[in-house]
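**Student:** Right, I'll just put the structure down here and ask away after.
The values are calculated or read from the model by the stated rules, or taken from the named source; none is laboratory data. Treat the numbers as computed from the prediction; the structure is a model and nothing was measured. Reconstructed Cβ throughout: ideal geometry from the backbone, glycine too, with neighbour counts over all protein chains shown.
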Amino acid sequence: MRTVSLFNHHVHAVYYLLALVELLLFFAAFHLGAQLYFVQQQELMSDHVASVLPRAAVFSAVTVAAMAAMGLYKPQLREGSSGILLRLMSAFVITILGMSLVFYLLPDLHLWRGVFAQTVLVAFIFSLISRWLFMRVVNNEHLKSRVLVLGAGQRAKAAAGWLRRGTDRRSFTFVGFVRSNGEPVQIENEAVVDLDGPLDEYVEAKKIDQIVVALDDRRKALPVDELVKCRLDGVEVLEVATFFERESGKLMLDFLSPSWLVFSNGFGMGNWRAFSKRLFDIGASLSLLMVAWPLMLGTLIAIWIEDGFSAPVIYRQRRVGLYGKEFDLLKLRSMRVDAEGDGKARWAAQNDNRITRVGAVIRRLRIDELPQVLNVLYGDMSLVGPRPERPEFVHQLEQRIPYYSARHQVKPGIAGWAQLRYPYGASEEDAKQKLQYELYYVKNHSLFLDFMIILTTAEVVLFGEGVR
């Protein structure tokens, strides 16, 4: 199972293959559901389902999108059978709501309720079967890439330590760490290999698919000729930073170097990308505003009822945006009016006692973020991007975390890659961990990745991940 690049975003191919298979299954479910409903009235079948192809295509696309929104194509998903079942049920509830909206907007695609119910039931059964088969296949060791790490020093130790902290290994398995030219061994609790022959012979004997170069000093220890032979034999050779970018969806700060940043792909923002992203932001923000304004109005009233009509409901806070320019971020107030009465900036903490009762609800559902749609329309923010931080924190973090200012090379966003992949940050260490995901977005951002982030944000809202 390989990780492939799709519009600059690194994805596990097997999960996109699963999405394609389920797309075809749901397409078939539409036909089977209709056939079951009209089993004794075949003459009505042709009359009611005259346009089978567009109806089946829309149904299958909406269902796969709903499953993606529930994280069911996410490699990091580690829930048991009950958790998977809950997410599947949630996905089909979203499918029913989504198809109801389609029927309202496009009456020509309307189905009889009985046909639709049969289709949903068949599709749900198909999804249970496909998931059961997939889980049996995806954990098969014979389908994983065999990876050999070249190096056993500090960089290899950092890689091994990160791996032990629970990274996803569904696409690969480690064969060992190769000590090269007397390099001091820093690895613990991992298989260290001392070669007694050429590297390429060992690679061939162990059926290695990928070599990850993690040497502390490549000038003295890099076996160039042997690596060339391996590469010519079809073995993939990767820098350790590239390998972890591809497998983890983040740029590991421990492995970054100025030369790697200079010569690696990505970090592009041409005129077409800027124009298309702005067009996407305006269209999506206006659509969101039209749908969400009743919810925003209801929240305003709830805040007034709890704190009184003289209390402010919109909270303005200075944040750092594109190229370090500051702007006023708009939020529905979720904390007490005197939350920072002493004038000191503070990160929100777990079970923060400054949060109001209404605030606890709207923060969990991300409703407090909705006024930022206006920031997007003003041009200070994008719909997707790194979360904007306060100037007080930015000045501090830029001094202590390398490459922190690089996150300001794109507009900050309401939703973001780091919010999906890392819990709420409330410390300098959290900021460092989130930065690694933000740098991945800065390097690989595209409309495709923006769309996937927006789609998956529904999972965060529904399951309350990363809320404080």
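Each row is one residue, and each column tells you yes or no for (1) in contact with a Leu (Cβ under 7 Å, 6 or more places away or on another chain); (2) β-branched (Val, Ile, Thr).
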| residue | (1), (2) |
| --- | --- |
| 208 | yes, yes |
| 221 | yes, no |
| 240 | no, yes |
| 278 | no, no |
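**Student:** Quick one: in segment 418-432, which of the residues that are assigned to a loop (DSSP other than H, G, I, E, B) and not hydrophobic (A, V, I, L, M, F, W, C) is modelled with the highest pLDDT?
**Tutor:** 422
**Student:** Let me ask something else. Here is a list: 235, 203, 212. Which entry is touching a residue at least 24 places away in the same chain (Cβ under 8 Å), closer than 23 Å to residue 162 by Cα and of a type in the set (Val, Ile, Thr)?
**Tutor:** 212
**Student:** I'm trying to understand the selection: among the residues of segment 378-417, which are small (Gly, Ala, Ser) and either farther than 11 Å from residue 435 by Cβ or at pLDDT below 90 (or both)?
**Tutor:** Within segment 378-417, 379, 382, 385, 413, 415, 416 meet the criteria.
**Student:** Output the number of residues of segment 437-449 satisfying the condition of being in contact with a helix residue (DSSP H, G or I) (Cβ under 9 Å, 6 or more places away or on another chain), surrounded by fewer than 23 Cβ atoms within 10 Å (Cβ to Cβ) and part of a helix (DSSP H, G or I).
**Tutor:** Of the residues in segment 437-449, 6 are in contact with a helix residue (DSSP H, G or I) (Cβ under 9 Å, 6 or more places away or on another chain), surrounded by fewer than 23 Cβ atoms within 10 Å (Cβ to Cβ) and part of a helix (DSSP H, G or I).
**Student:** A further question follows. What do you reckon, is residue 163 modelled with pLDDT of 90 or more, surrounded by 15 or more Cβ atoms within 10 Å (Cβ to Cβ), under 30 Å from residue 181 (Cα atoms) and in contact with a strand residue (DSSP E or B) (Cβ under 9 Å, 6 or more places away or on another chain)?
**Tutor:** Considered against the rule, which asks whether it is modelled with pLDDT of 90 or more, surrounded by 15 or more Cβ atoms within 10 Å (Cβ to Cβ), under 30 Å from residue 181 (Cα atoms) and in contact with a strand residue (DSSP E or B) (Cβ under 9 Å, 6 or more places away or on another chain), residue 163 comes out as no.
**Student:** If you don't mind, another one. Within segment 356-367, is there a residue that is touching a Leu at 6+ places or on another chain (Cβ under 9 Å), at pLDDT below 95, more than 23 Å from residue 302 (Cβ to Cβ) and not in a loop (DSSP other than H, G, I, E, B)?
**Tutor:** no
**Student:** Which members of segment 28-83 meet the condition of being among the β-branched types (Val, Ile, Thr) and modelled with pLDDT of 70 or more?
**Tutor:** Scanning segment 28-83 gives 52, 58, 62, 63, 64.
**Student:** Right, something else. Mind counting the residues in segment 257-272 that are in a helix (DSSP H, G or I) and either among the aromatic types (Phe, Trp, Tyr) or loosely packed, with under 14 Cβ neighbours inside 10 Å (or both)?
**Tutor:** Selection size over segment 257-272: 7.
**Student:** Can you name the number of the only condition in (1) closer than 29 Å to residue 136 by Cβ; (2) in contact with a helix residue (DSSP H, G or I) (Cβ under 7 Å, 6 or more places away or on another chain); (3) not in a strand (DSSP E or B) that residue 230 fails?
**Tutor:** Condition not satisfied by residue 230: (1).
**Student:** Being surrounded by 15 or more Cβ atoms within 10 Å (Cβ to Cβ) and in contact (Cβ under 8 Å) with a residue 60 or more places away in the chain, is that true of even one residue in segment 304-317?
**Tutor:** No; the residues of segment 304-317 include none that is surrounded by 15 or more Cβ atoms within 10 Å (Cβ to Cβ) and in contact (Cβ under 8 Å) with a residue 60 or more places away in the chain.
**Student:** To continue, here is another question. When segment 379-394 is examined, which residues are found to be crowded, with 20+ Cβ neighbours inside 10 Å and small (Gly, Ala, Ser)?
**Tutor:** Within segment 379-394, 382, 385 qualify.
**Student:** Starting from segment 269-292, keep only residues that are more than 13 Å from residue 451 (Cβ to Cβ), then list their pairs with residues that are buried (at least 16 other Cβ atoms within 10 Å of the Cβ) whose Cβ atoms are within a distance under 6 Å, requiring at least 6 positions of separation or different chains.
**Tutor:** 285/373; 285/376; 288/373; 289/373; 292/370
**Student:** A further question follows. Of all residues in segment 369-403, which are acidic (Asp, Glu) and free of Cβ contacts under 8 Å to residues at least 40 places away in the same chain?
**Tutor:** Residue satisfying the conditions is 398 alone.
**Student:** Then there is this: Out of all the residues in segment 240-256, which are part of a loop (DSSP other than H, G, I, E, B) and crowded, with 20+ Cβ neighbours inside 10 Å?
**Tutor:** Result: 249, 250, 251.
**Student:** Identify all residues within segment 186-198 that are surrounded by 15 or more Cβ atoms within 10 Å (Cβ to Cβ) and either touching a strand residue (DSSP E or B) at 6+ places or on another chain (Cβ under 7 Å) or among the aromatic types (Phe, Trp, Tyr) (or both); write none if there are none.
**Tutor:** 187, 190, 192, 193
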